[in-house]
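Here's the structure we're looking at; comments come further down.
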Amino acid sequence: MTTVRPSAALAEPVEPVGRGWTAALSLANGAIWVGWFGPLQILLASQAKDFAPGSGMSKETMLAWVTGAGAVVSLLANPVFGALSDRTTARPGRRTPWIVAGAGGGALALLLLARAGGVWSMAVGWCLVQLTLNAAFAAVTAAVPDRVPRLQRGAVGGWLGAAQILGVVGGTGLATVAGGAGAGYAVCAGCAVAGVLPYVLRYDDLRLLPEDRPPWSWRSFLAGFWLSPRRHPDLGWAWLTRFLINLSNSLVLLYLLYYLRDRLHRPDPEQGVLVLTAVNGLTLMATVVAGGVWSDRVGRRKPFVVWSGVLMAVATAALAGWQTWPGAIVAAAVLGVGFGVFTSVDFALMTDVLPKALDRGKDLGVINVANALPQVAAPALAAPVVTYLGGYRVLYLVSAVIGLAGAALVGRIRRVE
């Protein structure tokens, strides 16, 4: 009797990945974040300011609607594309085709967004950017549990986190210095494509054998997106922790440009956003890899998540109580320290609680909803707080409380030290 071996794509990885593989995947990840954060930090806010007069909406409300609509698309796209990549049996592998298609589509969507002439075309363009770049992002993150052993995931997660913040800083910087929305979107589009090429051209992906792909059923496909907290309680608590801490961070970032302009009265708020993003990026870079490596060495995840959440809450509270330019710089630095550790260790923690190898992409996509959903919840929560319930001081106090709640709930996870 012949025994059919399962696809290597479904095996638990044991061979450590090399520095070149980690660097190439990190570069691809950073390129995707350039495509997201050049618009989020600068370009969309600039377009909202231009389109708001005569529209019947304030610039804050317009930005909230556009980013909220894009976040809804992201909310759905990430798990769907993750699930589709899980089932892909193409010769190049089950992740690479989606990285290529997502990055290329994202570049085209960014160029379309540059030609927006009002709020509706801006919303459609941003939704297309979220749709396509999430296809690439779902495949990039799923490559980690496919290829990286458990005790190397903190370090690899750290490098992915470092690339993420470089993408945030790079996207913000490129959008600031490009000289207009059209040029800014074009540069971000070019980076999105160029950044994924080293990984897809140099490194082979693991292929799923056709016989290992389960039969297609719409019912089972759709039902698979529900991960019962009762059956998978650790995954549920890990998801909620990530959601709350990311919601806290999203509340800080969403109106940063307007906070500098309207509350601190900075003469050049766009430049101020770039400075704060750079300060945040420097401190994040100093801790994101070190935190992941340290977590791998001690074999523990939860204490790192707890203390990073506490640090982020302290930084956010400082924005509420110390509303000056020096206070904003200090808060950005402390926030970077906390989010750096959280980014790498939380990613490793999430891969440690995944239920099945066959569904890694889909399950990580569902987990990544905890990154996208705060982009929906943050505008809905922030706009009325800023407009009617006390302004930026109350907004940042609410953000600090939410972050502390996320840090506390990580203790409910049982499978991870």
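Within the stretch 164-191, residues that are over 12 Å from T277 (Cα atoms) sit with their Cβ atoms under 9 Å from residues that are modelled with pLDDT under 85 and assigned to a loop (DSSP other than H, G, I, E, B), at 6+ positions apart or across chains, in these pairs: G184/A178; Y185/A178; A186/A178; V187/A178; C188/A178.
Inspect all residues belonging to the stretch 47-67 and state whether any of them is under 20 Å from F137 (Cα atoms), among the basic types (K, R) and touching a residue at least 24 places away in the same chain (Cβ under 8 Å). So far as the stretch 47-67 goes, no, none of its residues is under 20 Å from F137 (Cα atoms), among the basic types (K, R) and touching a residue at least 24 places away in the same chain (Cβ under 8 Å). Apart from one condition, G195 fits all of (1) assigned to a helix (DSSP H, G or I); (2) at pLDDT below 80; (3) of a type in the set (G, A, S); the exception is (2).
Listed here are the residues, each with its yes/no results for (1) over 21 Å from L197 (Cα atoms); (2) open to solvent by less than 10 Å² (accessible area, probe 1.4 Å); (3) charged (D, E, K, R).
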| residue | (1), (2), (3) |
| --- | --- |
| R94 | no, yes, yes |
| I99 | no, yes, no |
| G104 | no, no, no |
| A109 | no, yes, no |
| S121 | yes, no, no |
| V124 | yes, no, no |
| V144 | no, yes, no |
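Would you mind finding the one in T176, T132, T172 that is modelled with pLDDT of 90 or more and in contact with a helix residue (DSSP H, G or I) (Cβ under 6 Å, 6 or more places away or on another chain)? Give the steps one after another, and end with the answer.
On the way: T176 fails: modelled with pLDDT of 90 or more; T172 fails: modelled with pLDDT of 90 or more.
Going through T176, T132, T172 in turn, just one is modelled with pLDDT of 90 or more and in contact with a helix residue (DSSP H, G or I) (Cβ under 6 Å, 6 or more places away or on another chain): T132.
Considering (1) closer than 30 Å to A83 by Cβ; (2) in contact with a Lys or Arg (Cβ under 9 Å, 6 or more places away or on another chain); (3) not aromatic (F, W, Y), the lone condition that G391 does not fulfil carries the number (1).
Here C188 passes the criteria (1) open to solvent by less than 20 Å² (accessible area, probe 1.4 Å); (2) more than 30 Å from S58 (Cα to Cα); (3) assigned to a helix (DSSP H, G or I) except the one numbered (2). The set of residues in the stretch 3-55 that are more than 30 Å from L108 (Cα to Cα), open to solvent by 10 Å² or more (accessible area, probe 1.4 Å) and either at pLDDT below 85 or touching a Ser or Thr at 6+ places or on another chain (Cβ under 8 Å) (or both) comprises T3, V4, R5, P6, A8, L10, A11, E12, P13, V14. For L235, the requirement of being under 23 Å from the mean Cα position of the chain (by Cα) and modelled with pLDDT of 80 or more is not met.
Cβ-Cβ distances below 9 Å connect the following pairs, each with a first residue in the stretch 258-279 that is free of Cβ contacts under 8 Å to residues at least 40 places away in the same chain, a second residue that is part of a loop (DSSP other than H, G, I, E, B), and a separation of six or more residues or different chains: D262/Y255.
Of the candidates L364, L349, L319, L397, the single residue that is in contact (Cβ under 8 Å) with a residue 24 or more places away in the chain and open to solvent by 30 Å² or more (accessible area, probe 1.4 Å) is L397.
Every residue in the stretch 334-346 that is of a type outside the set (A, V, I, L, M, F, W, C), touching a Leu at 6+ places or on another chain (Cβ under 7 Å) and open to solvent by 10 Å² or more (accessible area, probe 1.4 Å), please. Those that are of a type outside the set (A, V, I, L, M, F, W, C), touching a Leu at 6+ places or on another chain (Cβ under 7 Å) and open to solvent by 10 Å² or more (accessible area, probe 1.4 Å): none in the stretch 334-346. Taking the stretch 191-205 as the range and being open to solvent by 40 Å² or more (accessible area, probe 1.4 Å) and over 19 Å from S46 (Cβ atoms) as the test, the residues that pass are V193, A194, L197, P198, L201, R202, Y203, D204.
The values are calculated or read from the model by the stated rules, or taken from the named source; none is laboratory data. What you see is a predicted model; the values in this text were computed from it and never measured. Using ideal geometry, Cβ is built from the backbone for each residue, glycine included, and neighbour counts are taken over all protein chains shown. Ligands, DNA and RNA are excluded from the accessible area calculation, which covers all protein heavy atoms including side chains. Shrake-Rupley method; radii C 1.70, N 1.55, O 1.52, S 1.80 Å.
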